[in-house]
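S.K.: Pasting in a structure now, in structure tokens, and then I'll have a few things to ask.
The values are calculated or read from the model by the stated rules, or taken from the named source; none is laboratory data. Predicted model, so just to flag it, every value in this text is computed and none were measured. Cβ atoms come from the backbone with ideal geometry, glycine included; neighbour counts cover every protein chain shown. Surface areas here come from the heavy atoms of the whole protein model, side chains and all, with no ligands, DNA or RNA. Shrake-Rupley method; radii C 1.70, N 1.55, O 1.52, S 1.80 Å.
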Amino acid sequence: MRKILVTGGAGYIGSHTIVELITAGYTPIIVDNLCNTSHKNIDGIESIIDAKVKWRNADCTNKYAMDKVFSEEGKIDGIIHFAAHKSVEESVKNPQKYYDNNIGSLKVVLKCMQENEVKNIIFSSSCTVYGMPDVLPVDENAPFKKAESPYGETKQICEEMLKSDNCNSVALRYFNPIGSHPTTLIGDCSADRPSNLVPIIAECAIGKREYITIFGDDYNTPDGTCIRDYIHVVDLAKSHVKAMEFLIKNRGKHAFNVGTGIGVSVLEAVKAFEKINNLKINYSIGPRRSGDIEEIYANVNLVNIKLDWEPKEILEKAMKSAWDWEKKK
Ligand code: UD1
């Protein structure tokens, strides 16, 4: 049984990935200090798999704590490193917090890997590394543009750190993860005030907000609103299992887009949520949000071929699970 250390394994994408790793026969160990998630996700994982999962309460920026984890866990076959702060808004207000935590945690993880001869790491990157791409759909060879936020900058820097380290690595560049596990037992438990589109739509549906402001309808797109590539979090979680299998077999350094390859506008996203959940969302058109890019969606040829991965879930199903999670949480 392959042992995989999963930092941030109690978080939104991390918890879904733990379920998929166990389903695929791996033995994951969660390393998480629960600073921006809840123990509910660990309980949820255990209910879904009907077994206990190992959890180590440690801060990944604390070398002493991580040394203890590595030495006590014995042979580790790979790391999946999710642990990071993720609010773009907060990163603009408090960049140092993002540099310290997001870069600091990868630094400690890489050092521990070296000292303990662990070779393989999967890193949570983001399509934000591309900025506004010149060519769509964007592929992995597109250059990194100037980051729009300190959060985006930390993802760019972390990818560079992986390149200059002697580890084997896969950077998974997530597009826009949405939705939740169909059981509604795990999901996004972070304390961040939602700033992403789908959680905000769900908050409107439940009545926490009166309406959603659509940030601009004067973009050069068919309906004037921005276009993104929304990927169901369960599909995204499965890509980590494929990436780990691939890395153990092939070694080297790699980066893959993880999206659907389909561009969806903000208005289309709102309509999809309304239709599948049979409800009405109030919206108003507001000014553009600073730092927003007009349009981005993934070229997924590389991930299809190399990882033998493709998304299975359709947008409507993701929107249904997002609403189910909002009602339950
Ligand atoms: C944002 C981050 C990105 C990060 C990703 C994580 C920015 C500039 N980018 O991406 O770095 O990796 O989240 O999921 O913040 N929208 C509205 N009204 C709202 C909220 C959003 O119209 O109240 C629109 C946005 O303008 C955008 C789309 O919905 O066109 C998606 O927004 P969001 O969910 O915040 O994701 P991104 O901006 O793509």
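S.K.: Relative to the present Cα-Cα distance, how much length would full extension add between K75 and S284 at 0.36 nm per residue of separation?
M.R.: 69.8 nm
S.K.: For n ≥ 4 DSSP H runs only, could you compute -39500 (n - 2.57) per run for the chain, divide by its residues and tell me the 222 nm figure to the nearest 500?
M.R.: Calculated mean residue ellipticity at 222 nm is -12000 deg cm²/dmol.
S.K.: Whole Å is fine, so just give me how far the alpha carbon centre of region 124-188 lies from that of region 296-319.
M.R.: If we compute the Cα centre of each part, the gap is 15 Å.
S.K.: For a test of the definition: using alpha carbon positions, the gyration tensor, and the 1.5 limit on a/c, classify region 1-112 as rounded, prolate or oblate.
M.R.: oblate
S.K.: Please work out how much length the chain gains when fully extended from S195 to K208, using 0.36 nm per residue of separation minus the C-alpha to C-alpha distance, in nm with one decimal.
M.R.: Stretched fully, the S195-K208 segment lengthens by 3.3 nm.
S.K.: For region 40-128, which GluC sites (Glu not before Pro) are in a loop by DSSP, counting at most 11 other Cβ atoms within 10 Å?
M.R.: E117
S.K.: Which number gives the lysine pairs in region 278-329 that have C-alpha atoms under 30 Å apart and are eight or more places apart or on different chains?
M.R.: The number of close lysine pairs in region 278-329 is 16.
S.K.: Then there's this: Counting alpha carbon pairs within less than 8 Å and at least 6 residues apart, what relative contact order, in whole percent, applies to the chain?
M.R.: Relative CO of the chain lands at 20 percent.
S.K.: Moving on to the next point. Note down the magnitude of the dipole of region 72-116 about its Cα centre, charges +1 on Lys and Arg C-beta and -1 on Asp and Glu C-beta and zero elsewhere, to the nearest 20 debye.
M.R.: The dipole of region 72-116 has a size of about 180 debye.
S.K.: Could I ask something else about it? Which of the trypsin sites (Lys or Arg not before Pro) found in region 92-199 are in a DSSP loop and have at most 10 neighbouring Cβ atoms, other than their own, within 10 Å?
M.R.: Within region 92-199, the qualifying trypsin sites (Lys or Arg not before Pro) (loop, at most 10 other Cβ atoms within 10 Å) are K146.
S.K.: For E115 and K93 in the same chain, what is the full-extension length gain: residue separation times 0.36 nm, less their Cα-Cα distance, in nm?
M.R.: Separation in residues times 0.36 nm, less the Cα-Cα distance, equals 4.4 nm.
S.K.: Under a GNM of the chain (C-alpha, springs under 10 Å), which listed residue has the highest mean-square fluctuation: Y151, Y12, Y219?
M.R.: Y219
S.K.: Something else about it: Please identify which residues in region 91-109 have an amide N closer than 16 Å to a label point set 7 Å out from the Cα of E160, following the Cα→Cβ vector.
M.R.: Once the point is set 7 Å along Cα→Cβ of E160, 99-100, 102-104, 106-107 turn out to lie under 16 Å by backbone N, inside region 91-109.
S.K.: If you don't mind, another one. What does the charge add up to near G25, with Lys and Arg as +1, Asp and Glu as -1, over the other residues with Cβ less than 13 Å from its Cβ?
M.R.: Counting the neighbours of G25, the net charge comes to -1.
S.K.: In percent, how large is the relative contact order of region 158-293, given Cα pairs closer than 8 Å and 6 or more residues apart?
M.R.: Computed over region 158-293, the figure is 38 percent.
S.K.: Report the net charge of residues surrounding P182, where surrounding means a beta-carbon distance below 10 angstrom and charges are Lys +1, Arg +1, Asp -1, Glu -1.
M.R.: 0
S.K.: Quote the relative contact order of region 59-146 in percent (integer), defining contacts as alpha-carbon pairs under 8 Å separated by 6+ residues.
M.R.: 35 percent
S.K.: What is the local net charge at D77, summed over the other residues whose Cβ is closer than 9 Å to its Cβ (Lys, Arg +1; Asp, Glu -1)?
M.R.: Combined, the nearby Lys, Arg, Asp and Glu give +4.
S.K.: Pick from N278, N301, N257: which residue has the top mean-square fluctuation in a GNM of the chain where Cα pairs under 10 Å get a spring?
M.R.: Of N278, N301, N257, the Gaussian network model singles out N278 as fluctuating most.
S.K.: For the chain, give the percent of accessible area contributed by carbon and sulfur heavy atoms, probe 1.4 Å, rounded to a whole number.
M.R.: Ligands and nucleic acids excluded, carbon and sulfur reach 50 percent.
S.K.: At a Förster radius of 22 Å, what calculated FRET efficiency corresponds to the Cβ-Cβ distance of E274 and N220, to the nearest 0.05?
M.R.: E(calc), rounded to 0.05, equals 0.30.
S.K.: Magnitude of the Cβ-charge dipole of region 72-171, K/R +1 and D/E -1, about the Cα centre, nearest 20 debye?
M.R.: Charge dipole, region 72-171, about its Cα centre: 200 debye, nearest 20.
S.K.: State to the nearest 20 debye the size of the charge dipole of the chain about its Cα centre, where the only charges are +1 on K and R beta carbons and -1 on D and E beta carbons.
M.R.: Computed charge dipole of the chain: roughly 640 debye.
S.K.: Another one. Which of P222, P177, P133 moves most in a GNM of the chain, Cα contacts under 10 Å?
M.R.: The residue with the greatest mean-square fluctuation here is P222.
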